[in-house]
Structures are given as structure tokens and as C-alpha cells.
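To start, the structure itself, in C-alpha cells.
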Amino acid sequence: MMASRRRKPKWQLEIAKLHINELLDLAENVALKDEYLARRYVEHARRVAKKFNIRFTREQKLKFCRKCNTYFVSGKTAIYRVNPLTKSLEVRCLRCGYVRRYRYK
């Protein structure tokens, strides 16, 4: 017998959003001291967002690598660059080398 596929209640979604914000704040606080722990916090936040079908905001997406879950610290784990030719903000992860481009106008 299959389980019903209904939406989660709003109160659960609100708690999940608070939990995601808390995990990303914890990752920010610990990123310089323990990169592994910061990566685990980001992994957990992404798992919660996937379970409750919650999208990350643009600001939240800029904070971590979507390939290796590394929390970005400018100069240490990521390089931020503005490319005027493509009109985009380029974020390069120094751990895995993945480049993410965010368009701007």
C-alpha cells in the first residue's frame, strides 16, 4: 500500500526554514576553524531543504558550493569575481574547482 502524497503542513515548513537558517549560521561561525564540520552543516541543511521541498534564497545559494558542500569564506575556500563581459558574478570553489555564475543586470 502506498503512502499518500500530500503537502506538509505550514508549521512544519516554517520550522524547516528556521532549521536551515540555523544550520547555515552555524556553518558560517565554524567555517574558519573546522571546514569539515561546516561542510556537514551545509549537507544537513540541503537534506532538510530537499525533504521539505524548500528553495534556498539567492543569498543562501551564494554561501556554499553545490558540488562539494563547502561553505564559502572569501579568499580561503572561494574566490568571488565580477566578469563585466558576461555580466555575471563568478564564484570559484577552491576545494573542488567548480565555478558558479550568477547573472546580474
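Read-outs throughout are calculated quantities, based only on the coordinates presented, and are distinct from any laboratory measurement. What you are looking at is a predicted structure, and each value in this text was computed from that prediction instead of being measured.
Calculated mean residue ellipticity, 222 nm, the chain: -13500 deg cm²/dmol, from DSSP H runs (n ≥ 4) at -39500 (n - 2.57) each, averaged per residue and rounded to 500. Pairs of Lys residues in the chain, spaced 8 or more positions apart or belonging to different chains, with C-alpha separations under 19 angstrom: 22 in total.
How big is the Cα convex hull of the range 10-103 in projection, averaged over all directions, in nm²? Spell out each step's value before the answer.
Values: hull surface 24.3 nm².
One quarter of the hull surface, i.e. the mean projection, equals 6.1 nm².
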